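Student: This is the structure, below, for whatever I ask next.
The values are calculated or read from the model by the stated rules, or taken from the named source; none is laboratory data. Remember, it's a predicted structure, so these values are computed and weren't measured experimentally. With ideal geometry, Cβ positions are generated from the backbone for all residues, glycine too; neighbour counts draw on all protein chains shown. Heavy atoms of the whole protein, side chains included, go into the accessibility calculation; ligands, DNA and RNA do not. Shrake-Rupley method; radii C 1.70, N 1.55, O 1.52, S 1.80 Å.
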Amino acid sequence: MTEIYGEFGIEIYDTNLKLRVERIMRQIAEINIMKTKRNTIIFDYVTPIVREPYIEIVSDILCNKLEPFTEILFDFYSIYKEKCYMGICFVVNSDKNGVVIKINERLLKLATALGVEIQFDGL
């Protein structure tokens, strides 16, 4: 069985941004907040796990959550890019080889609008 979930996260290097990022991320969805050993803070939204071999479903979940906040996130990242990292990641767990990964155009447009990378983990 293939399991896929998506993450959208902001990692801040400057703790003065903590309240600002937390306010933005809590508008989007329920989030996890983690302190790292490098003295950074990660604010992370995680989609539900999808047990299908196609990533479009997870892409749509991320887009539905993030699209209403594209301008806010873009403005924040444009100003504070030197003090944080923002990205989209897909995590794939599979007991099969050759998992099909398709990203829909909607997610590509969103990532481009935000100026972030799309990463994959577990492939």
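Student: Suppose every Lys and Arg Cβ carries +1 and every Asp and Glu Cβ carries -1, with no other charges. What dipole size does the stretch 47-91 come out with about its Cα centre, to the nearest 20 debye?
Tutor: 200
Student: Shifting gears a bit: What is the chain's relative contact order, in percent, from Cα pairs under 8 angstrom and six or more apart in sequence?
Tutor: 36
Student: Carbon and sulfur atoms: what percent of the 1.4 Å accessible area of the stretch 1-99 do they account for?
Tutor: Carbon-and-sulfur percentage of accessible area, whole number: 49.
Student: Give, rounded to the nearest 20 debye, the magnitude of the charge dipole that the stretch 7-117 has about its Cα centre when Lys and Arg contribute +1 at Cβ and Asp and Glu contribute -1 at Cβ.
Tutor: 320
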